[in-house]
1. As a check on your grasp of the helix formula, calculate [θ] at 222 nm for the chain: sum -39500 (n - 2.57) over DSSP H runs of n ≥ 4, divide by the residue count, round to the nearest 500.
2. Tell me the angle of helix 493-511 to the major Cα principal axis of the chain, expressed in degrees between 0 and 90 and rounded to the nearest ten.
3. Size of the dipole of the stretch 278-434 about the Cα centre, Lys and Arg at +1 and Asp and Glu at -1 on the beta carbon, nothing else charged, in debye to 20?
4. For the pairs Lys76/Lys111; Lys111/Lys159; Lys111/Lys413; Lys416/Lys609; Lys414/Lys442; Lys79/Lys416, flag any whose C-alpha to C-alpha distance is greater than 28 Å.
5. For the chain, divide the Cα radius of gyration by the Kirkwood radius and give the resulting Rg/Rh value with two decimals.
6. How would you classify the stretch 585-641 from its alpha-carbon gyration tensor, with a ≥ b ≥ c the square roots of the eigenvalues: rounded for a/c under 1.5, else prolate if a/b is greater than b/c, otherwise oblate?
7. Counting only protein heavy atoms, what percent of the accessible surface of the chain is carbon or sulfur at a 1.4 Å probe?
8. So if I place +1 on the C-beta of Lys and Arg and -1 on the C-beta of Asp and Glu, and nothing else carries charge, what would the dipole magnitude of the chain be about its Cα centre? I want it in debye, nearest 20.
Amino acid sequence: MDTCFSIPFYICGPMPTTTVNPDTAPASVDTAKKLGLLPEEYDRIKEILGRVPNFTELSIYSAMWSEHCSYKNSIKQLKTLPRSGPKLLAEAGQENAGLVDIGDGWACAFKIESHNHPSAIEPYQGAATGVGGINRDIFTMGARPIAQLNSLRFGDISKEASSRWHMRGVVKGIGDYGNAFGVPVLGGEVYFDPCYTTNPLVNAMSVGIVRTDKVISATSHGKGNPVFIVGSSTGKDGIHGASFASKDITETSMDDLPAVQVGDPFMEKLLMEASLELAQTDAIIGMQDMGAAGITCSTSEMSAKGEAGMDIHLERVPTRQQGMHAWEILLSESQERMLVVVKKGKEKEVEAIFSKWDLNCVEIGTVTEGNTLRYFDKGELIAEVPAESLVLGGGAPVYERETKEPAYIKDNKKFKLEDVEEPSDLRKVAYDLLASPNIASKRWVSEQYDTMVRTNNMSTNAPSDAGLVLIRETGKGLAVTVDCNGRYVHADPYTGAMIAVSEAARNIACTGGEPCGVTNCLNFGNPYDPEVYWQFAEVIKGMGDACRAYETPVTGGNVSFYNHTVTDTKNIPVFPTPTIGMVGIVPDVSKRMTLDFKEKGDLIFLIGKVVDDIACSEYLVRHHKVDRSPAPYFDLEEEKRLHTMLLMLIRKGLINAAHDVSEGGVWTTLVEMALPRGLGFDIVSDSEVREDAFLLGEAQGRAIVTVARDEEDDFLDLMAQSRVPSILLGHVTQGKLVVDDKPFGMIADARKVYEEAIPRIMSEQ
């Protein structure tokens, strides 16, 4: 089985001479182990079925009970997250995507998921099909996708050719698929660290809107209602992809290339338009994307939710290859396919819609009473399993693994600021920081994406901390963002997770929006490693506490375990990286806020607490080579007050620019505000703290705003009434950069360093 991943033994050798169908022959515990099931799970399957499972049934359970589908090592923790809120319209995790009310009879459907393992071995198709899959989750609900985002992690591109290969393939895959599909990319993030060298992280988010009375559920019910497969034909790509995503990447993972799907964005565009047209009819009972585990997943999840069964005839499924085995058809993850349960008598109406769009639309089964899924091939019953036994929250196993606090956590707490020497040439250090791939402009990435298709993007020429898309139907804006600093989370998983949620909310507040919901993509190492599972448990606590504080329910998401980098001696887990996708509402887009300096002479204020802190900063790691320190300063209550203050200032029209302080500190924030219009700044640091900490530290809960001189008194009056500190830093200049009366060059100098760093690195082979 070393070279034939998850393929039955008879395919790797000569076909047996017996007339018994090997797919329906009883399967042993050894076969179960080869398929990734534990011996005790095999015993549990025998209990459920009341007999020994055959090979096809065991393959079904191996996919549906994989970590990727069942969340068996994470669901107990995930259930502690806040899952209710005033705007929540769908029970968390029960639909293809989260759903929140955005007013005026409209809802926002949104979700983020990973495609890490496929992207590690085939970056282009791995990333492309990740984009396709997440968009299908949105339009399957009857929602039209209006925005995409992505969160990417790679190894050190300045040193590793493999990391540059990953980055080129992933970015091109996202761009080629998304651009052809026709949904703009409104935002994202890209980080680099050696821990992501073997296993890059590719997290894709999609956001759509739908009328609240037109939402389609992923359910099945009604005896005799026909079941259709629509969209592309089924091939052998992606078979056992869910199992592949639920194990470690190794030196032989390239042998698993068949587990990577192949995408077709033009087919997806047709499928979307047909699905949205279908959603306007009354012909549908339910619809679900065929993602991980393909037909198996869709039939089992829809049936379990509707408390019904199905009879499915696999020989009717349109296939791309001749002679596909039934288990291959069941488990294929071929892209651009959906399962639709139709009201009996409405078949012709549904077929006409898909015929118009030149897509497959084939009735492959019917809904039955009870909870049993029966799969037939040319009249032969090849698998019979209870739907409930396959799904999350049903019969799938649930585990809570051993935890152990890593020793490095105590080492981090030993860090002392006074042990770090201040640099003699702060200007040189500041410019070197702008050249760090973690801080430098990501234009090399974003220019490969279409940001203007559909012409609803309000942030292309007016940059803001969160992407902003106009909802033409209501005149409101939807602010969207993805955020996480894995280094912070690694340093202190509980605090780092709270920071990830808070930065997302802060970005939305800086844009003039109020957050209304969260989706997450939780990227970790092996859950059987007690230190990794401790990180995971702490992250869930931190995320939950922060989401409760902001009243942002967790609407769903994705857990991706088994991410690590392979070294000569051991596997190093990736930084725990809980990517937070957040959406917020800007009720009046005429009062949205952007981050760019507007005019020479405007006053520059820092709002939030000034802290003598350089912990976990890019400056500390890059310049001082110190990688053991706690997470940066953070206080949840102070953060909440900052967000409220930002919204008040924006809505009263007292500020004309706002940008949160994050990676690279005050210095980087100021440069990013100066760049869009080619302006500069003359500022003075706070004498109560070290100059390097003031400029380059990454303490949380802060933002920089600019105020027109004729609004200064009103601004100061409002700030005086609040509990949020503020200090005057200086003013906007024509183009000079001055810090503490010392020249830091011109904005053109900073632009050259900031914008050329990544293109220069990526020009290498």
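1. About -10000 deg cm²/dmol.
2. Helix 493-511 sits roughly 70 degrees off the main axis of the chain.
3. 160
4. Beyond 28 Å: Lys111/Lys159; Lys111/Lys413; Lys414/Lys442; Lys79/Lys416.
5. Here the Rg-to-Rh quotient is 0.99.
6. prolate
7. 49
8. The calculated dipole for the chain is roughly 980 debye.
The values are calculated or read from the model by the stated rules, or taken from the named source; none is laboratory data. The structure presented is a predicted model; accordingly, all values stated were derived computationally and were not measured. Please note: Cβ atoms are built from the backbone with ideal geometry, for glycine as well, and neighbour counts cover all protein chains shown. Note: areas computed on protein heavy atoms with side chains; ligands, DNA, RNA excluded. Shrake-Rupley method; radii C 1.70, N 1.55, O 1.52, S 1.80 Å.
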